[in-house]
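The values are calculated or read from the model by the stated rules, or taken from the named source; none is laboratory data. Predicted model, so just to flag it, every value in this text is computed and none were measured. In case anyone asks, the SASA skips ligands and DNA or RNA and just uses the protein heavy atoms, side chains included. Shrake-Rupley method; radii C 1.70, N 1.55, O 1.52, S 1.80 Å.
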Amino acid sequence: MSLALVVNLRVNSLKQKEEQYHDREQALIAQVADQEERAEKLEEYRIYVQTKQYIEKVAKEKLGLVY
């Protein structure tokens, strides 16, 4: 009887840990997706910064130059 009780308690404990790990896994998956999206936006911005249009915009706004 006491062995069954101990086994039952251990099973419940393991189930709780499994749920915690599953929740953490989902949170990490969401975080990875967010970081991948951020990386894509940064790459797009990096490409934009190298364009003539961006250089002209910065020259006009920050340096007060005209074309």
**Request:** Taking only protein heavy atoms into account and a 1.4 Å probe, give the accessible area per residue of the chain in Å².
**Result:** 99
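For the chain, which whole percent of the accessible surface, found with a 1.4 angstrom probe, sits on carbon and sulfur atoms?
Values: 3830 of 6620 Å².
Roughly 58 percent of what the probe reaches on the chain is carbon or sulfur.
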**Request:** Take a quick pass over the chain and tell me how many lysine pairs come in under 21 angstrom between Cα atoms, counting only ones 8 or more apart or on separate chains.
**Result:** 4
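Kindly give Rg over Rh for the chain, based on alpha-carbon atoms, with the Kirkwood expression for the hydrodynamic radius.
1.62
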